[in-house]
Amino acid sequence: MPASILPTLWFCLVAAMIAVYVVLDGFDLGAGILHLVVARTDAERRTVLASIGPVWDANEVWLLAGGGTLYFAFPALYASSFSGFYLPLMMVLWLLILRGISIEFRSHLHSAVWEPFWDAGFSLSSALLAVFFGAALGNVVRGVPLDKSGDFFLPLWTDFGTGQDAGILDWYTVLVGVAALVVLAQHGALWVALKTAGEVERRATVWANRLWWPVAAATVAITIASFEVQPLLKISFAERPWTLVFPALGVAGLAASRWASAGLRRFLGSTAFIAGLLTSAAAGIYPCVLPANSDPRLSLTVVNAAAGSYGLGVGLAWFIPGTLLATAYFVYTYRSFAGKVNGS
């Protein structure tokens, strides 16, 4: 068996788990982003929260699972990225905490100050998380200034250029962050429209339709910018033309999210669109797991960042039944809470 088979398989598994997390927790974030505009009364805001209430915290399990799998399968990548991105990771952690307590604390007291405060916290944290997750993806695609030991440090921003002295925020990562904001907002609008009725459903549908055009424009913009910023993308798709199936999935999903005939089909189209975007990015940077923009030879790849073959093989034997159990639980949960919700 070639030495790269198991690391490549684990690369695909990590990419798939991240895609599952973004799809599932993405509609939670989208519901939060639009919380204050699709719901205008206390009852309507309770309805929006009820649409994600049974599943939002369970969805975040995939983020923990993805991080744990990353640590197990690619320890060098985990060590490098979690130290180099320490500041933004701490900001994401605090935003996740704020979002969680905003959902949980809102209903503890009925007050003209308390409830609007936590509603605002829910919306703000959801929007910032979408931007930060998008910027994180932009950093991975663009590359970071890795040194010979596989370490790097990035300031929050420098001159907003994408060269070797780039910060976490530059014109490209900000563009991807804004794209993530509108993509997840539309994804959340389609979910809220699917799960609610009456005025909330109507407003959510209106917002889903309004946001489709910014989503389409942002998709074109980040595609052009990504090929400009990261030359590896052209090489990867040229060498493995079969991976063009991932961008094709994204395009088909984008079309379905706007013109499919039913609410569920539109939501599934948005799901396919997000999955297509993320898998396209993963396929484009492969075999790198973290490209180096200082010297491509210093990039972390599926080979030099992976754990030992024996450990990867044993881990796979445990991963398969564990993932099947988790998937069965999620199927049961979503089937149990299928249908429209109300705010009671």
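The values are calculated or read from the model by the stated rules, or taken from the named source; none is laboratory data. Here the structure is a predicted model, which is why all the values come from computation and not from measurement. In this analysis, Cβ positions are derived from the backbone assuming ideal geometry, glycine residues included, and neighbour counts consider all displayed protein chains.
Determine which single condition residue 177 fails, assuming it passes every other condition in (1) within 23 Å of residue 231 (Cβ to Cβ); (2) touching a Gly at 6+ places or on another chain (Cβ under 8 Å); (3) modelled with pLDDT under 95.
(3)
Exactly one condition in (1) surrounded by 17 or more Cβ atoms within 10 Å (Cβ to Cβ); (2) of a type in the set (Phe, Trp, Tyr); (3) modelled with pLDDT under 95 is false for residue 286; which is it?
Failed condition: (3).
Could you tell me how many of the residues in region 207-240 are surrounded by fewer than 14 Cβ atoms within 10 Å (Cβ to Cβ) and not in a helix (DSSP H, G or I)?
Qualifying residue count for the region: 2.
In region 113-166, which residues are among the hydroxyl-bearing types (Ser, Thr, Tyr) and within 21 Å of the chain's Cα centre (by Cα)?
Within region 113-166, 123, 125, 126 qualify.
Can you report the number of residues in region 260-282 which are within 17 Å of residue 219 (Cα to Cα) and of a type outside the set (S, T, N, Q)?
10
Listed here are the residues, each with its yes/no results for (1) surrounded by fewer than 17 Cβ atoms within 10 Å (Cβ to Cβ); (2) under 30 Å from residue 162 (Cα atoms).
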| position | (1), (2) |
| --- | --- |
| 279 | no, yes |
| 298 | no, yes |
| 304 | yes, yes |
| 307 | no, no |
| 310 | yes, no |
| 314 | yes, no |
| 317 | yes, no |
| 327 | yes, no |
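Here is a check on your reading of the model: is residue 66 surrounded by 17 or more Cβ atoms within 10 Å (Cβ to Cβ) and assigned to a helix (DSSP H, G or I)?
Taking the combined requirement at face value, the residue satisfies it.
Can you tell which of 179, 204 is more than 18 Å from residue 263 (Cβ to Cβ) and crowded, with 23+ Cβ neighbours inside 10 Å?
One residue alone meets the criteria, 179.
Table: residues versus (1) surrounded by fewer than 20 Cβ atoms within 10 Å (Cβ to Cβ); (2) over 19 Å from residue 298 (Cα atoms).
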| position | (1), (2) |
| --- | --- |
| 79 | yes, no |
| 86 | yes, yes |
| 90 | yes, yes |
| 120 | yes, yes |
| 126 | no, yes |
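Does residue 48 satisfy being aliphatic (A, V, I, L, M), in contact with a Phe, Trp or Tyr (Cβ under 8 Å, 6 or more places away or on another chain), in a helix (DSSP H, G or I) and surrounded by 14 or more Cβ atoms within 10 Å (Cβ to Cβ)?
no
Please identify the pairs in which a residue from region 108-128 that is free of Cβ contacts under 8 Å to residues at least 40 places away in the same chain has its Cβ atom under 6 Å from the Cβ atom of a residue that is in a helix (DSSP H, G or I), counting only partners at least 6 apart or on another chain.
118/102; 118/105; 118/106; 121/98; 121/102; 128/95
Of (1) of a type in the set (Ser, Thr, Tyr); (2) modelled with pLDDT under 95; (3) buried (at least 23 other Cβ atoms within 10 Å of the Cβ), residue 270 satisfies all except one. Which?
(2)
Test of understanding: among 125, 111, 80, which residue is touching a Phe, Trp or Tyr at 6+ places or on another chain (Cβ under 9 Å), of a type in the set (Ser, Thr, Tyr) and modelled with pLDDT of 95 or more?
One residue alone meets the criteria, 125.
Looking at region 234-263, which of its residues are closer than 21 Å to residue 19 by Cβ and touching a residue at least 60 places away in the same chain (Cβ under 8 Å)?
257
Take region 276-310 and flag every residue that is within 18 Å of residue 234 (Cβ to Cβ) and either of a type in the set (A, V, I, L, M, F, W, C) or part of a loop (DSSP other than H, G, I, E, B) (or both).
Selection gives 277, 281, 282, 283, 285, 286, 287, 288, 291, 292, 293, 299.
Does region 189-196 contain any residue that is in contact with a Leu (Cβ under 8 Å, 6 or more places away or on another chain), of a type outside the set (Gly, Ala, Ser), buried (at least 20 other Cβ atoms within 10 Å of the Cβ) and not in a loop (DSSP other than H, G, I, E, B)?
Among the residues of region 189-196, at least one is in contact with a Leu (Cβ under 8 Å, 6 or more places away or on another chain), of a type outside the set (Gly, Ala, Ser), buried (at least 20 other Cβ atoms within 10 Å of the Cβ) and not in a loop (DSSP other than H, G, I, E, B), which makes the answer yes.
With the checklist (1) within 18 Å of the chain's Cα centre (by Cα); (2) buried (at least 18 other Cβ atoms within 10 Å of the Cβ) in hand, flag the one item residue 102 doesn't pass.
The single condition residue 102 does not satisfy is (1).
Out of the residues in region 138-173 that are in contact (Cβ under 8 Å) with a residue 40 or more places away in the chain and of a type in the set (A, V, I, L, M), which is nearest to residue 298 (Cα to Cα)?
Selected residue: 146.
Can you name the residue in region 1-13 that is of a type in the set (A, V, I, L, M, F, W, C) and crowded, with 21+ Cβ neighbours inside 10 Å and, of all such residues, is farthest from residue 77 (Cα to Cα)?
By that ranking, first place goes to 6.
Among 28, 57, which is the only one that is exposed (fewer than 15 other Cβ atoms within 10 Å of the Cβ), in contact (Cβ under 8 Å) with a residue 12 or more places away in the chain and within 20 Å of the chain's Cα centre (by Cα)?
None of the others qualify; the one that does is 57.
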